[in-house]
Amino acid sequence: MTSASPTATPVGPLKSALGARHIFIRPHCPWQNGKVERFNRSLQTEWVYRQIFTSNADRSAALVLWFENYSTGRRHTALGGLSPISRLSPT
């Protein structure tokens, strides 16, 4: 695995400020990136393939609503029935 240049992406300055680094998975090894792959699957089955959109504006608006629900309202079994936002918020 290699690390990208600190300024190679739009979030580069933020990564540098936080002392973070971008680590890439090996090519053709999606199991190394399981959480993102699972998110992508949820995105496809719950939003992309759920309906036909008549315009890009409708599609964009639906994505905002889906992501808000995914992050704050939808319960995740991997998080013990909690929403992702609850893991970031103090209890």
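Each value in this text was obtained by applying a stated rule to the coordinates, not by laboratory testing. Just so we're clear, the structure is a prediction, and the values are computed from it rather than from any experiment. Please note: Cβ atoms are built from the backbone with ideal geometry, for glycine as well, and neighbour counts cover all protein chains shown.
Averaging the sequence gap over all C-alpha pairs within less than 8 Å and six or more residues apart, then dividing by the number of residues, gives the chain a relative contact order of 14 percent.
Largest GNM mean-square fluctuation among A20, A61, A78, using the chain with Cα springs under 10 Å: A20. Rounded to the nearest 20, the Cβ-based charge dipole of the chain about its Cα centre (Lys and Arg +1, Asp and Glu -1) stands at 260 debye. Could you give the angle, 0 to 90 degrees to the nearest 10, between helix 34-43's Cα long axis and the longest principal axis of the Cα atoms of the chain? On a 0 to 90 degree scale, this one is about 30. Treating each Cα of the chain as one equal point scatterer and applying the Debye formula with no solvent, the log10 of I(q)/I(0) at q = 0.16, 0.23, 0.25 Å⁻¹ comes out as -0.98, -1.11, -1.11.
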